[in-house]
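Asks: Mind looking over this structure? Questions follow.
The values are calculated or read from the model by the stated rules, or taken from the named source; none is laboratory data. Here the structure is a predicted model, which is why all the values come from computation and not from measurement. Reconstructed Cβ throughout: ideal geometry from the backbone, glycine too, with neighbour counts over all protein chains shown.
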Amino acid sequence: MRSSHWYAGTDRNAYIHRAWMRRGLPREAFEGDRPHIAIANTASDLTPCNAHLDEVATSVKQGIWEAGGVPLNLPVMSLGETNVRPTAMLWRNLAAMATEEMLRANPIDGVVLLGGCDKTIPSLLMAAASVDLPAVIVPGGPMLTGHFRGVPLGCGTDVWRLSEEVRAGTLSREAFLRSESAMIRSKGHCNTMGTASTMACVAEALGMTIPGTAGTPAPDSRLLERAHETGRLAVELVAEDRTPSRVLTRASFHNAIVTLAAIGGSTNAVVHLLAIAGRLGVELTLDDFDRIGSGVPLLVDLQPAGRHLMDDLFRAGGLLAVLKEVGDLLDPSAPTVTGEPLTAYLDAAEIWDDTVIRRRSAPLLADAGIAVLRGNLAPRGAVIKPAAASPGLLRHRGRAVVFDSVEDLNARLDSPDLDVDETSVLILRGCGPRGYPGMPEVGNLPLPRRLLEKGVRDMVRVSDARMSGTAYGTVVLHTAPEAAVGGPLALVRTGDPIVLDVPARRLDIDLPQRELSGRTPVTTGFAEPARGWQRLYIDHVLQADQGADLDFLVGSSGHEVSRESH
Ligand code: FES
Ligand code: MG
C-alpha cells in the first residue's frame with residue numbers, strides 16, 4: 001500500500017502520521033491491507049451546483065468502509081461557473097494542478113472524484129490522469145426541471161433566450177425577473193445538455209464512472225445508492241491497480257467523441273478532452289473530433305439543441321440507452337472502471353420514451369458531430385456545433401463587424417451608428433486563452449437590438465472565445481491561433497468579406513493573402529497581468545486546439561511517494 005509509507009512501522013515518523021490521524025479512527029485503520037481512499041470533494045457554497053456533494057460523500061464513505069477501506073474527505077479547489085471571474089476556465093488548470101499535488105502529497109491509495117459544475121469534472125479528471133492513482137468519478141447529477149407559467153425552464157438556455165426576448169421587446173422585464181425564482185428548482189447542476197451534463201456523460205463514456213450513473217438527478221435516491229456502490233468499487237480499484245492510464249485509452253476517447261455527438265454535447269468538451277488526453281499521452285487531435293464524430297446522429301432531444309431536459313433523459317432510459325443505439329460506432333475494446341468494457345452494459349439498456357431519446361432510424365440530425373473548420377482565418381482550427389446552429393447559415397458570406405473586446409462590443413452593439421444587418425458576420429477577438437485571459441464563454445455574442453426587433457434570432461458569429469454549453473446559434477468558437485498571439489483574427493477589419501462553409505469545413509477572409517500579410521495585427525486590449533497565477537497562466541497556456549492546458553502540466557508525474565516531511 002502506498003499509504004503504508006506513512007503509517008507502517010514503529011519509528012517516530014510512523015507514530016506521528018498515525019497519531020495525528022487517530023481522532024476516532026481505530027488502530028486497525030492503519031494496519032493490514034486497508035487502502036486509504038480520498039474523496040476529492042468539490043462541495044462549496046460558492047459552487048452552488050456542487051453544494052450537495054457532502055451528502056454524496058457520506059454515501060461514498062459508507063461504501064468504502066464496507067469494502068474494508070478507509071475513506072478520507074479531501075476538499076479540493078472548486079469552481080462555480082456562474083460566480084467565478086473573469087471565467088472559471090482561467091482556474092481549471094490551477095484546480096487540476098492543486099488536486100493532483102494534494103493527492104500525491106498525501107497518504108492516499110486511491111480516489112473517488114466528486115464533481116458537477118462545468119469545470120469541476122474536467123479538472124478532477126486531469127488531476128487523476130496526472131497522478132495516476134486508481135480513480136473513479138461520481139457526477140453530482142443535474143437538477144430537477146423548474147417551470148415558469150406552465151412551461152419548463154432550461155438552465156442557462158432559457159436565460160439566453162428570455163433575455164433576448166426582453167431586448168427584442170417581446171417579453172417584459174418584470175416577467176423575466178419573475179422567472180428567476182423558478183430557474184433553479186433543486187440541488188444539482190444545470191439541467192440542459194450544457195457543459196456539466198456533457199462532461200458527466202463524457203466521463204461515463206470514457207469509462208470513469210460505474211456505467212449508468214451519469215445523468216442521475218442530484219435529488220434522486222439512486223444517486224446515493226450509486227455513490228455507495230462507487231465507494232465499494234474504489235477499494236477494488238486499488239486491489240486491482242486499475243489506474244486512469246489503464247482505463248483511459250485511445251478507444252475510450254473514441255467513445256467519448258461518439259457520445260458527444262449523439263447527445264448534442266457542449267463544444268467545451270473539445271478543450272477538456274484534449275487536455276485530459278494530453279495528461280495521459282494519448283494521441284488526440286482536434287481533427288479526431290470531426291473525423292470520429294461525423295456521421296454520428298444526434299439522438300438526444302435536449303436543450304440547447306432540442307427541447308427536453310436532463311430529468312427527461314434519465315426517465316427515458318439515460319445515457320446507456322442512447323449509447324445502445326450507436327453501439328456499432330463504439331469501440332468495444334474500451335474498458336471502464338468496473339473492469340468490464342462499456343459496450344457490455346448496453347444490452348440491458350432500453351429506451352422508454354423515444355421522443356426524448358430518438359431511435360437510430362429517426363435521429364434529430366443525421367450528422368451531429370462538432371465540425372472543425374480551417375482556413376486563412378483559423379489556420380489551427382475553429383469549431384462549430386451544427387446541432388445548435390441555423391441550417392440556413394452553415395454556408396454564409398457576409399461583411400465582418402469587428403469588436404476588439406467584450407467592452408467594445410457592449411459599448412457599440414446597440415448603437416444606431418453601427419453598420420450591421422442580418423447578413424453581417426459579428427467578430428469578437430481578444431477572448432482566447434491568453435488574451436482575456438482564460439477563454440471566457442462570450443462567443444455567443446448577443447445580436448444588435450435593432451435586428452432582434454426585426455425578428456432576427458441568429459447570425460454568424462466568430463471569435464477566439466468559448467461559449468456556454470447551454471447556448472446556441474451559428475457560432476464559430478475556439479479560433480486558433482487567437483488574436484492575442486498574433487492569429488489572423490487580429491488582422492480582420494470591419495467590412496472584410498468573411499466566408500463560412502461548414503460542409504466544406506472552411507472559414508476564410510476572402511481577400512488575397514498579399515493584402516492580409518501587409519496589415520498590422522491589433523495588439524491592444526489583451527490582458528497583461530503582472531504577477532500570480534494569471535501571469536503564470538498567460539506565459540504558459542496552450543492554444544485551444546491543444547486543450548488550453550499549461551505547457552508544463554501536459555503529461556503525468558505519477559504517484560511516487562516523496563521524501564519525509566519531518
Ligand atoms: Fe453549474 Fe451550469 S452553472 S452547471
Ligand atoms: Mg459554462
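Asks: Determine, yes or no, whether THR470 is touching a Cys at 6+ places or on another chain (Cβ under 8 Å) and either at pLDDT below 95 or under 30 Å from ARG279 (Cβ atoms) (or both).
Replies: yes
Asks: Those residues that are polar (S, T, N, Q) and surrounded by fewer than 20 Cβ atoms within 10 Å (Cβ to Cβ), I need them from region 15-58; list them, please.
Replies: If the condition is that a residue be polar (S, T, N, Q) and surrounded by fewer than 20 Cβ atoms within 10 Å (Cβ to Cβ), then THR58 is the only one that fits.
Asks: Being crowded, with 24+ Cβ neighbours inside 10 Å and either among the hydrophobic types (A, V, I, L, M, F, W, C) or under 11 Å from ARG429 (Cβ atoms) (or both) is the filter here, so list the residues in region 456-470 that pass it.
Replies: MET459, VAL460, VAL462, SER463, ASP464, ALA465, MET467
Asks: Using the structure shown, decide if LEU90 is touching a residue at least 12 places away in the same chain (Cβ under 8 Å) and either closer than 21 Å to SER3 by Cα or surrounded by fewer than 21 Cβ atoms within 10 Å (Cβ to Cβ) (or both).
Replies: no
Asks: Can you name the residue in region 116-139 that is more than 15 Å from ligand 2 (Cβ to nearest atom) and within 14 Å of the chain's Cα centre (by Cα) and, of all such residues, is surrounded by the fewest Cβ atoms within 10 Å (Cβ to Cβ)?
Replies: Checking each candidate, the answer is MET126.
Asks: Looking only at region 522-545, which residues are part of a loop (DSSP other than H, G, I, E, B) and without any contact (Cβ under 8 Å) to a residue 12 or more places away in the chain?
Replies: GLU528, ALA530, ARG531
Asks: Do we find a residue being surrounded by fewer than 23 Cβ atoms within 10 Å (Cβ to Cβ), within 16 Å of ligand 2 (Cβ to nearest atom) and within 27 Å of ILE498 (Cβ to Cβ) anywhere in region 400-414?
Replies: yes
Asks: Go through (1) surrounded by fewer than 24 Cβ atoms within 10 Å (Cβ to Cβ); (2) away from ligand 1 (no atom under 16 Å from the Cβ) for ALA275 and report which single condition fails.
Replies: Checking ALA275 against (1) surrounded by fewer than 24 Cβ atoms within 10 Å (Cβ to Cβ); (2) away from ligand 1 (no atom under 16 Å from the Cβ), the one that fails is (1).
Asks: Out of all the residues in region 145-168, is one or more in a helix (DSSP H, G or I), away from ligand 2 (no atom under 16 Å from the Cβ), under 30 Å from ASP33 (Cα atoms) and touching a Leu at 6+ places or on another chain (Cβ under 8 Å)?
Replies: no
Asks: Mind listing whichever residues of region 180-212 are in a helix (DSSP H, G or I), more than 16 Å from ligand 1 (Cβ to nearest atom) and under 26 Å from PRO341 (Cβ atoms)?
Replies: GLU204, ALA205, LEU206
Asks: Pick from region 180-208 the residues that are of a type in the set (Ser, Thr, Tyr) and at pLDDT 95 or above: which of them is nearest to ASN444 (Cα to Cα)?
Replies: So, considering only residues that are of a type in the set (Ser, Thr, Tyr) and at pLDDT 95 or above, the one nearest to ASN444 (Cα to Cα) is THR195.
Asks: ALA14 - would you say it is touching a helix residue (DSSP H, G or I) at 6+ places or on another chain (Cβ under 8 Å), within 16 Å of ligand 1 (Cβ to nearest atom) and of a type in the set (A, V, I, L, M)?
Replies: Taking the combined requirement at face value, the residue does not satisfy it.
Asks: Counting only residues that are closer than 22 Å to VAL499 by Cα, among the small types (Gly, Ala, Ser) and in contact with a Gly (Cβ under 8 Å, 6 or more places away or on another chain), how many does region 335-377 have?
Replies: Within region 335-377, residues that are closer than 22 Å to VAL499 by Cα, among the small types (Gly, Ala, Ser) and in contact with a Gly (Cβ under 8 Å, 6 or more places away or on another chain) number 2.
Asks: A follow-up question, please. Answer yes or no as to whether ALA548 is buried (at least 19 other Cβ atoms within 10 Å of the Cβ) and in a loop (DSSP other than H, G, I, E, B).
Replies: Yes, satisfied.
Asks: To continue, here is another question. How many of the residues in region 360-374 are over 20 Å from ARG250 (Cα atoms) and in a loop (DSSP other than H, G, I, E, B)?
Replies: Residues in region 360-374 being over 20 Å from ARG250 (Cα atoms) and in a loop (DSSP other than H, G, I, E, B): 8 in total.
Asks: Going through region 275-309 one residue at a time, which ones are hydrophobic (A, V, I, L, M, F, W, C) and modelled with pLDDT under 95?
Replies: ALA305
Asks: Continuing with the same structure: Among the residues that make up region 456-476, is at least one of them within 30 Å of the chain's Cα centre (by Cα) and more than 21 Å from VAL406 (Cα to Cα)?
Replies: yes
Asks: Okay, moving on. What single numbered condition from (1) more than 16 Å from ligand 2 (Cβ to nearest atom); (2) without any contact (Cβ under 8 Å) to a residue 60 or more places away in the chain; (3) not basic (Lys, Arg); (4) not in a helix (DSSP H, G or I) fails to hold for PRO107?
Replies: In the conditions (1) more than 16 Å from ligand 2 (Cβ to nearest atom); (2) without any contact (Cβ under 8 Å) to a residue 60 or more places away in the chain; (3) not basic (Lys, Arg); (4) not in a helix (DSSP H, G or I), PRO107 misses (2) alone.
Asks: Restricting to region 466-486, and then to whatever is in contact with an Asp or Glu (Cβ under 7 Å, 6 or more places away or on another chain) and away from ligand 2 (no atom under 16 Å from the Cβ), can you tell me which residue is nearest to GLY264 (Cα to Cα)?
Replies: THR474
Asks: Still on this structure, I have one more. Take LEU177 and decide whether it is surrounded by 21 or more Cβ atoms within 10 Å (Cβ to Cβ), not aromatic (Phe, Trp, Tyr) and not in a loop (DSSP other than H, G, I, E, B).
Replies: no
Asks: State the number of residues belonging to region 493-519 that are touching a helix residue (DSSP H, G or I) at 6+ places or on another chain (Cβ under 8 Å) and in a loop (DSSP other than H, G, I, E, B).
Replies: Number of matching residues: 3.
Asks: Could you grab me the full set of residues in region 266-279 that are in contact with a helix residue (DSSP H, G or I) (Cβ under 6 Å, 6 or more places away or on another chain) and assigned to a loop (DSSP other than H, G, I, E, B)?
Replies: SER266 - this is the single residue of region 266-279 that is in contact with a helix residue (DSSP H, G or I) (Cβ under 6 Å, 6 or more places away or on another chain) and assigned to a loop (DSSP other than H, G, I, E, B).
Asks: Check ARG185, ARG222, ARG167, ARG226 and return the single one that is closer than 25 Å to ARG457 by Cα and not polar (S, T, N, Q).
Replies: After ruling out the rest, the residue left standing is ARG167.
Asks: Next up: Hey, does region 379-388 have a residue that's among the β-branched types (Val, Ile, Thr), modelled with pLDDT of 95 or more, surrounded by fewer than 20 Cβ atoms within 10 Å (Cβ to Cβ) and touching a strand residue (DSSP E or B) at 6+ places or on another chain (Cβ under 9 Å)?
Replies: no
Asks: From the list GLY215, GLY231, exactly one residue is in contact with a Leu (Cβ under 7 Å, 6 or more places away or on another chain) and either under 22 Å from ALA256 (Cα atoms) or crowded, with 24+ Cβ neighbours inside 10 Å (or both). Which is it?
Replies: Going through GLY215, GLY231 in turn, just one is in contact with a Leu (Cβ under 7 Å, 6 or more places away or on another chain) and either under 22 Å from ALA256 (Cα atoms) or crowded, with 24+ Cβ neighbours inside 10 Å (or both): GLY215.
Asks: Tell me, please, whether a residue that is of a type outside the set (Ser, Thr, Tyr), assigned to a loop (DSSP other than H, G, I, E, B), more than 20 Å from PRO529 (Cβ to Cβ) and more than 16 Å from ligand 1 (Cβ to nearest atom) can be found in region 79-100.
Replies: Checked against the condition, which is being of a type outside the set (Ser, Thr, Tyr), assigned to a loop (DSSP other than H, G, I, E, B), more than 20 Å from PRO529 (Cβ to Cβ) and more than 16 Å from ligand 1 (Cβ to nearest atom), region 79-100 yields no hits at all.
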